[in-house]
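To start, the structure under review is shown below, and the notes come after it.
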Amino acid sequence: MLPDLTDKTKDLLEKVEKFMDDHIYPNEQNIAEEINTGDRWQPSKIMEDLKAKARSQALWNLFLPESDRGAGLTNYEYSHLCEPMGRSTFAPEVFNCSAPDTGNMEVLERYATEEIKEQWLTPLLAGEIRSAFAMTEPLVASSDATNIESSIQKEDEEYVINGRKWWTSGANDPRCKVLIFMGKTDPNNSDRYKQQSMIVVPMDSDGIKVLRHLPVFGFDDAPHGHAEVLFENVRVPTANILLGEGRGFEIAQGRLGPGRIHHCMRLTGLAERALEAMCKRTKSRVAFGKPVSEQTVTQERIAESRIMIDQCRLLTLYAAHKMDTLGNKEARKEIAMIKVAAPNMACKVTDWAIQAHGGGGLTTDFGLAKMYANARLLRLADGPDEVHRNQIARLELKRHN
């Protein structure tokens, strides 16, 4: 059984939904037009104004379970807030709850020294800067993270970093002042999972070059975006290493568990909005003598969408509750399950919504193409479907020894 929400969480959920109605939805087109005017890679003033409103209403840093720096919510409680945020591309950032900043802040909160926290976590929590996460590489199959080739080599009181990363989300943003980098400190260690480390790297360090932005199905996600980044003899103090050498995978698991919950609940919100658009569109269009909504193929797709959305919501909430009560390790199968189920569900529901809109669904007029791009991206981000399915199967087979 899933627990009832506390009065505090119910109140926050009501406030988030009201903020979405009052400020986010009415400004979506305005923000998009502002970004499309002039330099696309400059922050949106409308967004910054909305952030100030959200902060003034204490709708700020709602994540960070087990920390007094956040809202004091569990993963399960925060999951309920992620869903309405997921209904708009712009919403998570307005509440200072967007990736990769949330994951980076959780890493810094758990594993960084007090000095590093003061230098980087404090301004991130204040929304004064943004951050990036550099893990995936273009020259290896990064679905197996032990393949990562980038190096972090110690020289006296510094680490020297070399490598090429891509899908480093946020590195294009002029507000991005710091990133967390994963590379090998001990490439010859017999344990492949102890070769890697994570280190904090200021973006203004000598030797960092942002090579290009990487669009997703043509969408550049400006001013945030995804980048390919070159690191050539980048030097940072040894104090910037997180938790110690060889503990990169340990940190990654601590980071990615909550992040997958956030992604999946946001995808549930995205799919809900796509379903609403499908219902409204098919009720307003007539084909072959009757509303499209009365065509049986449409009704089947609407029904299947409702079933799949509710299934994914419940499974994600169950995974979040299990994380809270038993820990990330015990919930790893459920986390893997939602990471497969939610993006595939959102892709299917959004695809049906696009189909219901006809040619209009392929344009930017209805936002569905961008929704699909976001959902499809998440079948790869934080681990591809195939890796999660393999893990689920291994864990299931262990039950039958």
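The values are calculated or read from the model by the stated rules, or taken from the named source; none is laboratory data. These numbers were taken from a predicted model, which means no experiment stands behind them. Glycine also receives a Cβ, built like all others from the backbone with ideal geometry; neighbour counts cover every protein chain displayed.
Return the residue satisfying two criteria in turn: it lies in the range 274-302 and is among the hydroxyl-bearing types (Ser, Thr, Tyr) and surrounded by fewer than 13 Cβ atoms within 10 Å (Cβ to Cβ), and of such residues it is nearest to the chain's Cα centre (by Cα).
Going through the qualifying residues, I end up with Ser284.
What residue, among those in the range 250-262 that are touching an Asp or Glu at 6+ places or on another chain (Cβ under 8 Å), under 22 Å from Arg87 (Cα atoms) and not small (Gly, Ala, Ser), is surrounded by the most Cβ atoms within 10 Å (Cβ to Cβ)?
Arg260
Inside the range 115-127, can you point out the residues that are out of contact with any Leu (no Cβ under 9 Å at 6 or more places or on another chain) and either of a type in the set (A, V, I, L, M) or without any contact (Cβ under 8 Å) to a residue 40 or more places away in the chain (or both)?
Across the range 115-127, the qualifying residues are Glu118, Gln119, Thr122, Ala126.
Test Asp4 against the stated conditions and say whether it is surrounded by fewer than 13 Cβ atoms within 10 Å (Cβ to Cβ), at pLDDT below 95 and closer than 30 Å to Lys322 by Cβ.
no
Determine, yes or no, whether Arg376 is in contact with a Cys (Cβ under 8 Å, 6 or more places away or on another chain), modelled with pLDDT of 95 or more and surrounded by fewer than 20 Cβ atoms within 10 Å (Cβ to Cβ).
yes
Can you find a residue in the range 271-294 that is part of a helix (DSSP H, G or I), under 28 Å from Glu330 (Cβ atoms) and not assigned by TED's automatic domain parsing to the domain that holds Ser169?
Yes: the range 271-294 contains one or more residues that are part of a helix (DSSP H, G or I), under 28 Å from Glu330 (Cβ atoms) and not assigned by TED's automatic domain parsing to the domain that holds Ser169.
Identify, from the list Lys333, Lys322, Lys370, Lys348, the residue that is among the basic types (Lys, Arg), in contact with a Leu (Cβ under 9 Å, 6 or more places away or on another chain) and surrounded by 14 or more Cβ atoms within 10 Å (Cβ to Cβ).
Lys333
Need the failing condition index for Glu272 against (1) free of Cβ contacts under 8 Å to residues at least 60 places away in the same chain; (2) touching a Lys or Arg at 6+ places or on another chain (Cβ under 8 Å); (3) acidic (Asp, Glu), just the number.
Every condition holds for Glu272 apart from (1).
Quick one: is Glu300 assigned to a helix (DSSP H, G or I) and over 19 Å from Cys347 (Cβ atoms)?
Against the criterion (assigned to a helix (DSSP H, G or I) and over 19 Å from Cys347 (Cβ atoms)), Glu300 does not qualify.
Identify, by number, the condition in (1) touching a residue at least 40 places away in the same chain (Cβ under 8 Å); (2) in a strand (DSSP E or B); (3) touching a strand residue (DSSP E or B) at 6+ places or on another chain (Cβ under 7 Å) that Lys154 doesn't meet.
With respect to (1) touching a residue at least 40 places away in the same chain (Cβ under 8 Å); (2) in a strand (DSSP E or B); (3) touching a strand residue (DSSP E or B) at 6+ places or on another chain (Cβ under 7 Å), Lys154 is out only on (3).
May I ask you to verify whether Ala353 is over 18 Å from the mean Cα position of the chain (by Cα), among the aliphatic types (A, V, I, L, M) and more than 28 Å from Val286 (Cα to Cα)?
Answer is no for this residue.
Among the candidates Glu28, Glu17, Glu66, single out the residue that is surrounded by fewer than 20 Cβ atoms within 10 Å (Cβ to Cβ), free of Cβ contacts under 8 Å to residues at least 24 places away in the same chain and either in a helix (DSSP H, G or I) or outside the structural domain of His263 (by TED's automatic domain parsing) (or both).
Glu66
Within the range 305-340, track down each residue that is more than 21 Å from the chain's Cα centre (by Cα), free of Cβ contacts under 8 Å to residues at least 40 places away in the same chain and assigned to a helix (DSSP H, G or I).
Arg306, Ile307, Thr325, Leu326
Out of everything in the range 134-146 that is buried (at least 19 other Cβ atoms within 10 Å of the Cβ) and in contact (Cβ under 8 Å) with a residue 60 or more places away in the chain, what residue ends up being farthest from the chain's Cα centre (by Cα)?
My answer is Ala145.
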